[in-house]
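Working notes for the structure below.
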Amino acid sequence: MMVTNRKQNSVMKRHGVICMGLVLLTLIVFEQVRHYGFVDYDDGAYIVKNEAVQKGLSAETVAWAFSKESIKPTANWHPLTWLSHLADISMFGSKPGAMHVENVVIHVTNVLLLFAVLVSATGNRWRSAFVAAVFSVHPLHVESVAWISERKDVLSTMFILVSVWSYVRWTKQRAIRWYLTSLLAFVLSLLAKQTYVTLPFLLLLLDVWPLARDGARQTDATVPSDRIPWQKLVTEKAVYFLITTTFCTVAFIGQRDGGAMGELEQYTVTERVYNAIIVYALYIKQTVWPLRLAVYYPYPREILFTDALASGLLLLAITCCAVLKRRTYPWIFTGWFWYLGTLVPVIGIVQIGSQRMADRYTYFPMIGLLIAGVWFVSEKLAAHPGRKTVLVRSAFVPVVALALMARIQTSYWKDTMTLFSHAAEAAESCLALTNIAHEYKEKGDFKKANLLTLRALALEPASMSARNMLGLLAMAENRWDAAEMYFRQTIHLHPRAPGPHYNLGLVLVELGRSDDAIEAYHQALRLEPDRRDIRTNLGVAYLTLGDNNKAMEQFEIVLDSSPGSPEANYNYAIALRNIGETERAVRHFQSVTISTPDMWYSHIHLAEIYLQKQQHGDALRHARTAVELSHGSPETTKLLRVIQEEH
């Protein structure tokens, strides 16, 4: 008994040392992200510009996270991910560094869970440690960890690994609590992201190896199992399949209603199938040789049949080998089909978004390739002790090399400009160039921004984002006629996109054509009825025409859903003042001064109103505030002087 306890303590100590090493290795790569900010690529929709998320955790926002309304910002229904972001805001505010750290903590947890799963299932500590080490620092995984918006990726993976670990425990102990825990974790994973709907198929693969529940050869599992008929293996996963079916439907509806699915006519079924075959092979190449990685990979101008054929033959050869040698090399069978199967939801047969492929899609599927490769090499060298010793001693070399590459890859995520500048070098695309142009626009370098956008348009002449960017640049330079031209071109190419209609409305107001602007705003609202900024500017257009009643109708609709909107409150107050509702106007102007102090025009209106009412003290106070906030603009200085003279 004492010997057994000593042995168990020794094993636990070794596991503890390995776990500490895995944590340290991961932190060496990713500690830098604590200094990083948000990137202008989905972080706005998820956090920065998401009004619901910015409120933090409350009964209202929890209900929103589970509602259909939460689909709109990102075309995904993932309430658990939303709850995670809401909790971040409540605990840390809008501090990106803390959110980055949380992603890293979850990734570290995933590394340790993967190690635990593999040790529990196979009984082989060192092979499991090596797989976990490569998983922790592989450059392909940087995107999932260093991108705040990909919280859903690491979070859903954490729960799916808990589900797999609990399933392994259940097969060995047959305690119902482990089965229920596995099911619960599966549901939680899908509530974070509906990627792992293939879990029941993965569990069947694990039944083949390493659990050997179908009677397959098991060389290193800790507890051999008796042969179980396939019918029973499938039947015991009936609840998993039911959950999968439910969440597949949820995912499809969310992506469809959110507009994330690429139009079928954009890429034919044949093109998508060819691309999927090629991408399967490309991911293998990137796993072995992770160079020139990018946040966005565009579709090639032409998807060649010869490329698809060569990739297909490679995949077919590996598949045949895995099937024919499944008894001799069961780890290749399980690892290979783990890779193929878990990639199915994101391989692009059903097009989600405009990207050809994405590094983040390999976060979990790569584990299958690592298992197959590590176990195959280790088994081959097991018969050669000398070679095995060399292999063990040199195992740290690829891990260190991958860690160095991953650290460099992580550095590209420090800001939007760095991220997309690297993306343009690695895989030049219209999207990358347009995002760089946007950064130059924000810095006021309109020349560089225009040149980059024209280059982006040359790559993709029908691009909505590039042509729209030309219109925004023209607006920034007060080239209103050119802006109108670009937005009308964009509308001609993409009539169902609300943004260009809205931007056209803004331009037409500046050109003094408010009637035409109103028509443009109405078209934008038909496409996106809940856009408060569109409705607010529609009200402003009515104000410029002197139609206060119609303007107030629009502002009231906005204020019904967002009572604190400073723009709607301000313009509603102007309309109220125009029709003589001064007291009501004062309340809305005061609301703006509280919620948005830097909107100094509200102080001007209040100063004028109080001056008319002979309340010189209040008028003087608001006039002085307006002068201070406007840095002494002529308008505010003149008003202050008038009030002082009357006082």
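Within the stretch 457-480, residues that are closer than 14 Å to Glu510 by Cα have Cβ atoms under 9 Å from residues that are of a type in the set (Val, Ile, Thr) and part of a helix (DSSP H, G or I) in these pairs: Gly471/Thr490; Gly471/Val507; Ala474/Val507; Met475/Val507; Trp480/Val507, counting only partners at least 6 apart in sequence or on another chain.
Residues that are among the hydrophobic types (A, V, I, L, M, F, W, C) and in a helix (DSSP H, G or I) were ranked within the stretch 597-611; the one that is most open to solvent (accessible area, probe 1.4 Å) is Leu611.
Being surrounded by 18 or more Cβ atoms within 10 Å (Cβ to Cβ), under 24 Å from the mean Cα position of the chain (by Cα) and assigned to a helix (DSSP H, G or I) is a property that does not hold for Ile371. Note on the stretch 460-497: residues that are at pLDDT below 95 and touching an Asp or Glu at 6+ places or on another chain (Cβ under 8 Å) amount to 0. Here is the figure for the stretch 521-556: residues that are within 18 Å of Val507 (Cα to Cα), over 35 Å from the mean Cα position of the chain (by Cα) and surrounded by 23 or more Cβ atoms within 10 Å (Cβ to Cβ) total 2. Looking at Asn503, is it polar (S, T, N, Q), in a helix (DSSP H, G or I) and open to solvent by 60 Å² or more (accessible area, probe 1.4 Å)? No: the conditions fail for Asn503. Being closer than 30 Å to Val208 by Cβ, at pLDDT below 95 and not in a strand (DSSP E or B): is that true of Val350 here? Yes. Taken over the stretch 251-290, residues that are at pLDDT 95 or above and not in a helix (DSSP H, G or I) amount to 2. Of a type in the set (Val, Ile, Thr), open to solvent by 90 Å² or more (accessible area, probe 1.4 Å), part of a helix (DSSP H, G or I) and modelled with pLDDT under 95, is that true of Val3? So Val3 fits the description; yes. Identify all residues within the stretch 557-577 that are open to solvent by 30 Å² or more (accessible area, probe 1.4 Å) and closer than 20 Å to Pro498 by Cβ; write none if there are none. Within the stretch 557-577, Ile557, Ser561, Glu567 qualify. One residue alone among Leu315, Leu343 is assigned to a helix (DSSP H, G or I), within 23 Å of the chain's Cα centre (by Cα) and aliphatic (A, V, I, L, M), and that residue is Leu343. Residues of the stretch 60-83 that are more than 17 Å from Asp530 (Cβ to Cβ), under 13 Å from the mean Cα position of the chain (by Cα) and among the β-branched types (Val, Ile, Thr): Thr81 alone.
Taken over the stretch 26-51, residues that are part of a helix (DSSP H, G or I) and surrounded by fewer than 19 Cβ atoms within 10 Å (Cβ to Cβ) amount to 10. Name, by its number, the condition in (1) over 19 Å from the mean Cα position of the chain (by Cα); (2) under 24 Å from Val17 (Cα atoms) that does not hold for Ile106. Exception for Ile106: condition (1). Residues of the stretch 431-445 that are surrounded by fewer than 24 Cβ atoms within 10 Å (Cβ to Cβ), of a type outside the set (Lys, Arg) and either touching a Cys at 6+ places or on another chain (Cβ under 9 Å) or over 17 Å from Asp42 (Cβ atoms) (or both): Tyr440, Glu442, Gly444, Asp445. Within the stretch 126-144, does at least one residue satisfy the condition of being of a type outside the set (Lys, Arg), at pLDDT 95 or above, closer than 22 Å to Leu184 by Cβ and surrounded by fewer than 24 Cβ atoms within 10 Å (Cβ to Cβ)? No, that holds for no residue.
The values are calculated or read from the model by the stated rules, or taken from the named source; none is laboratory data. Being a predicted model, the structure only gives us computed values, none of them experimental. Because the Cβ atoms are built from the backbone with ideal geometry, glycine has one as well, and the counts that use them run over all protein chains shown. These area figures cover heavy atoms from the full protein model, side chains too; ligands, DNA and RNA do not enter into them. Shrake-Rupley method; radii C 1.70, N 1.55, O 1.52, S 1.80 Å.
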